[in-house]
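**Student:** Have a look at the structure that comes next, please.
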Amino acid sequence: MAATFFERDAQLQTVLDQVLEATWEAFPRLARNQIAATWLVYDPPFPINTGGAISIADFWQHRPRGASYRGVELIYPASVVKLFYLVAAHEWLERDMVPATPELERALRDMIVDSSNDATGFVIDVLTGTTSGPELPPGPFETWKIQRNIINRFLQSLQWAELETINANQKTWCDGPYGRERFFLGEAYENRNMLTTEATSRLLHSIVGGVAVSGARSQMMMALMRRTLDPRVLAADPENQVTGFLGAGLPLQAALWSKAGLTSKVRHDAVYVELDGYSPFQLVVFTEGAEHSQNEEILPFVMRTLLAQNKPEG
């Protein structure tokens, strides 16, 4: 289903199409069905990054301009799904469904700042009341699966059309799942996490807009997503979420908030950017293919080209 939260803008769509054409020309082995993108522009005085200074109902009455390419295609999201778990965790905390503990706070930080899979597994255990382990008998396994799907049920309760087809019920792994986790994925991995760029864009839109759970909690999420562009800091951290991603295509004076995803088969990024001379904007780009996931030039090229094609006049 097409996105409902932004106005499709012909001018922006033309720019995005030009950016993608330039990308395919620069990277001819990147197939047209191996990339998806959604781009929103927040023309002032759009109420964005205000820390929740506007009510939730009022915020959703405002629709930013946007453009999208393959924005409703389901794609394995890698670590981008951690944004969805972050929002769910703050919803649980806001409702006192789980206690606020130093360990949960540490795990949420490590899940977003460092993209730790171990931290993500702990967060999912806390939110769902499930744990990994050996295979379970059929009855207990059915109960376990119902519990594990609680985050999906929360996301569906938001009644966003963009979330109707997604799946966010799996842990993220380094080597892979075993035992009950492997069986939960399905024989052909048919139950793996799946997102679209438009679903990711709407979730990011709610966080930046200050309406994800609450204004205060949205700001806490934003703080975890803030990235430095300082080359010295990035060089000291080879696992940073800027090098090889969209943020690497930004000038140093830009302010960046993001969550990247990377596996041997995908390279993704979801960013919100504030940069003098440009309206604030967000961009979500997913790329697929083993060859392209290892290419650190594609996503920075997309960002640099977008800025060049959308350069303000004067």
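**Student:** Once you list every other residue whose beta carbon is under 12 Å from the beta carbon of Glu91, what net charge do they have if Lys and Arg are +1 and Asp and Glu are -1? Intermediate values should be presented prior to the final figure.
**Tutor:** Values: positive: Arg95, Arg153, Arg217; negative: Glu94, Asp96.
So the surrounding residues net to +1.
**Student:** Need the C-alpha centroid separation for the stretch 62-116 versus the stretch 232-281, integer Å.
**Tutor:** Centre-to-centre distance over Cα atoms comes out at 17 Å.
**Student:** Rank these for me by crowding, Leu83, Leu93, going from fewest to most other beta carbons within 10 Å.
**Tutor:** Details: Leu83 26, Leu93 21.
Ascending Cβ contact count within 10 Å gives the list Leu93, Leu83.
**Student:** Would you calculate a helix-derived [θ] at 222 nm for the chain, using -39,500 (n - 2.57) for each DSSP H run of n ≥ 4 and dividing by the full residue count, to the nearest 500? Before the final figure, lay out each step's value.
**Tutor:** On the way: 13 runs with 127 residues, N = 314.
Calculated at 222 nm, the ellipticity per residue is -12000 deg cm²/dmol.
**Student:** Also, quick follow-up: Which of the GluC sites (Glu not before Pro) found in the stretch 130-228 are loop residues per DSSP with 14 or fewer other Cβ atoms within 10 Å of their Cβ? Numbers along the way, then the final one.
**Tutor:** Working: sites: Glu135, Glu142, Glu162, Glu164, Glu181, Glu187, Glu190, Glu198; in loops: Glu135, Glu164, Glu187, Glu190.
In loop regions of the stretch 130-228 (DSSP not H, G, I, E or B), the sparsely surrounded GluC sites (Glu not before Pro) are Glu135, Glu164, Glu187, Glu190.
**Student:** Excluding Gln34 itself, calculate the net charge of residues whose Cβ lies under 11 Å from the Cβ of Gln34, where each Lys or Arg counts +1 and each Asp or Glu counts -1. Working shown, then result.
**Tutor:** Values: positive: Arg29, Arg32, Arg70, Lys265, Arg267; negative: Glu73, Glu288, Glu291.
Local charge sum for Gln34: +2.
**Student:** Taking the chain as a Gaussian network, where each spring joins two C-alpha atoms under 10 Å apart, which residue of Gln294, Gln61, Gln282 fluctuates the most?
**Tutor:** Among Gln294, Gln61, Gln282, the largest mean-square fluctuation in the Gaussian network model of the chain belongs to Gln61.
**Student:** Now for a different question. If you fit an axis through the alpha-carbon atoms of helix 138-148 and take the longest principal axis of the Cα set of the chain, what angle between them do you get, 0 to 90°, nearest 10?
**Tutor:** Approximately 30 degrees, to the nearest ten.
**Student:** In degrees between 0 and 90, to the nearest 10, how far off the longest principal axis of the chain does helix 10-26 point, with axes built from Cα atoms?
**Tutor:** Here the helix axis deviates by roughly 80 degrees.
**Student:** Here's something else I'd like to know. Taking H as built 1.01 Å from N, whose amide H comes closer than 5 Å to the amide H of Arg65, not counting residues under 5 places away?
**Tutor:** Under 5 Å from the amide H of Arg65: Glu7, Val41, Asp43.
**Student:** May I pose another question? Using the Karplus curve 6.51 cos²θ - 1.76 cosθ + 1.60 with θ = phi - 60°, work out ³J(HN,Hα) for each residue of the stretch 250-255 in order, rounded to whole Hz, and write x for Gly and Pro.
**Tutor:** 9, x, 4, 7, 6, 9
**Student:** Where nothing but the Cβ of Lys and Arg (+1) and of Asp and Glu (-1) is charged, how large is the charge dipole of the chain around its Cα centre, in debye to the nearest 20? Write out the running numbers ahead of the final one.
**Tutor:** Details: 27 positive and 37 negative charges, 39 e Å.
Magnitude of the dipole: close to 180 debye.
**Student:** Sticking with this structure for a sec: Assign one of three labels to the stretch 219-302, namely rounded, prolate or oblate, based on the Cα gyration tensor with a ≥ b ≥ c the square roots of its eigenvalues; rounded applies when a/c is under 1.5, prolate when it is not and a/b is larger than b/c, and oblate otherwise.
**Tutor:** Numbers: a/c = 1.61, a/b = 1.44, b/c = 1.12.
Note, shape of the stretch 219-302 comes out prolate.
**Student:** Once you list every other residue whose beta carbon is under 11 Å from the beta carbon of Glu73, what net charge do they have if Lys and Arg are +1 and Asp and Glu are -1?
**Tutor:** Working: positive: Arg70; negative: Glu198, Glu288.
Value of the local net charge: -1.
**Student:** Continuing with this model, one more query. For the chain, what is the number of Lys pairs with C-alpha distance below 18 angstrom, counting only pairs 8 or more positions apart or on separate chains? Please report the intermediate quantities before stating the final value.
**Tutor:** Values: Lys82/Lys171; Lys82/Lys259; Lys82/Lys265; Lys145/Lys171; Lys171/Lys259; Lys171/Lys265.
Counting lysine pairs in the chain gives 6.
**Student:** Hey, another quick one. Compute the helix-to-body angle for 298-309: its Cα long axis versus the longest principal axis of the chain, expressed 0 to 90° and rounded to tens.
**Tutor:** So the helix axis and the longest Cα principal axis differ by about 40 degrees.
Computed from the coordinates by the stated procedures, all read-outs in this text should not be read as laboratory data. Predicted model only: the values in this text are computed from it and were never measured. Ideal geometry is used to build each Cβ from the backbone, glycine not excepted, and the neighbour counts take in all protein chains shown.
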